[in-house]
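Before any comments, here is the structure.
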Amino acid sequence: MEKPSLPSGTRDFGPDTMLRRKYLMGTIEEVFRLFGFRPLETPALENLRTLQGKYGDEGDQLLFKVLNNGDFLAKAPENLLQQKDSKSLTSHITDRGLRYDLTVPLARFVVMNSNQIQFPFRRYQMQPVWRADRPQRGRYREFWQCDADVVGSKSVLNEADLTGIYDEVFCRLGLGVRIRLNHRGIFDSMAEYLGGTEQLLSFMQLIDKADKIGFEGVLKELETKAIPNATETWTFLHTTNALRTATEKLQALKNWPGANPGALAPAIAEMETLFSLCKDCRNPLDLDLTLARGLSYYTGTVFEVVPADDAIPESFSIGSIGGGGRYDNLTGVFGLKDVPGVGISFGLDRIYDIIEAAGKFPDLKGSSTRVLICPMLEAAYGMAYQLAGMLRNEGISCEVYPGAAKLKKQLDYANHRQAGWAVILGETEIENQTIALKNLETGNQENINISEIKNHLHLWQS
């Protein structure tokens with residue numbers, strides 16, 4: 001007999017875990033709606049041609065591909081089968097794949113529905129995505145993303161809203177974070193100084209390693225590359241990043257001779273506006289000039305959220321728990337040009353792991369059964385269901401124990417379900433039209449007339 005198991009990088013979520021996940025998703029969704037975003041869902045399956053070529057060579061390698069229905073080898077070229085050329089064979093045996101992220105499906109949806117959509121289009125989406133990555137802590141092959149995007153507007157007011165969403169969500173969750181911001185235009189202004197666009201992209205890819213290898217590690221790697229002025233630029237960015245405020249950093253950028261003033265000015269103006277609009281955020285906003293993650297495809301502001309240093313145990317290490325940015329030609333790959341977009345994403349699974357490690361989940365007992373009705377004999381079933389219907393009409397969660405088992409077994413079940421109360425219905429209660437009401441936290445028990453139940457509803461609702 002085969003022992004049951006799960007595919008690597010996937011997980012089951014039991015009831016207790018799901019209550020916590022629902023709490024997180026409910027909190028995020030409430031804030032999305034508070035900021036005027038509307039829900040969207042797209043299929044788990046997308047056509048491969050929709051997904052391929054959107055995430056770079058590495059991303060294409062991580063796509064989960066789904067075999068065609070029926071005899072998927074029937075139309076495969078014989079020579080490829082003989083050569084066992086799996087890479088070339090793929091296009092003949094599969095034309096669908098699992099969703100890699102929520103952004104490309106959004107772009108596809110906008111293009112397909114552009115005549116019905118009113119722009120700017122503000123949508124949120126909370127669904128699982130799949131990546132054939134190497135599983136490790138905080139990284140899974142199946143995981144949830146919680147995204148909010150604004151499509152069809154270039155206004156920096158959208159970035160202010162998205163920053164506000166991050167701030168509000170993490171305040172509600174009681175998790176301190178740093179919201180890191182940067183702008184692609186700042187790097188673009190350095191392209192000429194670094195020898196051109198290709199050298200700029202190489203420079204950004206190298207400094208993206210700073211979180212792992214540090215300032216000196218990046219400096220050593222830059223010294224081996226043929227990128228003009230790379231070490232001077234990296235040293236400037238690192239030094240300027242140590243300044244206390246965004247205003248000081250932006251002023252240093254304005255005075256630096258390595259930046260093209262014409263290219264730099266729009267980025268500076270957007271950052272100044274954004275920091276001014278978000279000055280009341282309760283979590284610190286950090287203009288991080290060394291933040292290069294995602295800037296190879298983002299065209300403007302880029303976001304990254306990391307836990308505050310004192311928000312998690314010292315032994316717990318994890319990467320970012322949110323990120324996003326502006327991409328000013330979101331739908332261009334599908335033929336609809338000049339439709340700008342900006343969006344953010346929450347890493348639900350990493351947020352869960354951090355809050356669990358920090359012991360910051362609230363007591364969610366109230367989400368379980370509040371009252372267990374315990375019938376002690378079959379004759380009590382009708383009375384039990386009459387009472388259950390009344391409680392549910394009042395919004396009180398309850399269940400009837402399925403059978404006339406011994407009282408200890410029923411009460412053990414009630415305690416396992418974290419119920420606050422048990423209603424015991426025996427022969428005496430049926431005859432006298434009463435119930436035995438037991439407080440499972442204190443152990444106190446009293447008998448009350450059914451007609452008096454409404455006077456006790458406030459106890460079961462609390």
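The values are calculated or read from the model by the stated rules, or taken from the named source; none is laboratory data. Everything numeric in this text was worked out from a predicted model, so none of it was measured. Backbone-built Cβ (ideal geometry, glycine too); neighbour counts: all protein chains shown. For the accessible areas, the whole protein counts, side chains as well, though only heavy atoms, and no ligand, DNA or RNA atoms are used. Shrake-Rupley method; radii C 1.70, N 1.55, O 1.52, S 1.80 Å.
Below, the figures for the structure above:
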read-out	value
Residue tally, condition out of contact with any Leu (no Cβ under 8 Å at 6 or more places or on another chain) and closer than 20 Å to Gly325 by Cβ, over the range 94-120	6
Test: residue in the range 316-334 that is among the polar types (S, T, N, Q), modelled with pLDDT of 95 or more and crowded, with 18+ Cβ neighbours inside 10 Å	no
Members of the range 112-140 found to be open to solvent by 50 Å² or more (accessible area, probe 1.4 Å) and either part of a strand (DSSP E or B) or farther than 14 Å from Leu98 by Cα (or both), listed by number	Met112, Asn115, Gln116, Gln118, Phe119, Pro120, Arg122, Arg134, Gln136, Arg137, Arg139
Index of the failed condition, Arg96 passing every other in (1) touching a strand residue (DSSP E or B) at 6+ places or on another chain (Cβ under 8 Å); (2) in a loop (DSSP other than H, G, I, E, B); (3) more than 27 Å from Thr245 (Cβ to Cβ)	(2)
Residues satisfying the stated conditions in the range 287-304, i.e. open to solvent by less than 30 Å² (accessible area, probe 1.4 Å) and over 21 Å from the mean Cα position of the chain (by Cα)	Leu287, Asp288, Leu289, Thr290, Gly300
Candidates Pro284, Pro307 - the one that is touching a Lys or Arg at 6+ places or on another chain (Cβ under 9 Å), crowded, with 21+ Cβ neighbours inside 10 Å and more than 25 Å from Ala230 (Cβ to Cβ)	Pro307
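Yes or no, residue by residue, for (1) farther than 13 Å from Ser189 by Cβ; (2) touching a Leu at 6+ places or on another chain (Cβ under 7 Å); (3) in contact (Cβ under 8 Å) with a residue 40 or more places away in the chain; (4) open to solvent by 60 Å² or more (accessible area, probe 1.4 Å):
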{"position": "Trp234", "(1), (2), (3), (4)": "yes, yes, no, no"}
{"position": "Thr239", "(1), (2), (3), (4)": "yes, no, no, yes"}
{"position": "Ala242", "(1), (2), (3), (4)": "yes, no, no, yes"}
{"position": "Leu253", "(1), (2), (3), (4)": "no, yes, yes, no"}
{"position": "Asn260", "(1), (2), (3), (4)": "no, no, yes, yes"}
{"position": "Ala265", "(1), (2), (3), (4)": "no, no, no, no"}
{"position": "Glu272", "(1), (2), (3), (4)": "yes, yes, no, yes"}
{"position": "Cys278", "(1), (2), (3), (4)": "yes, yes, yes, no"}
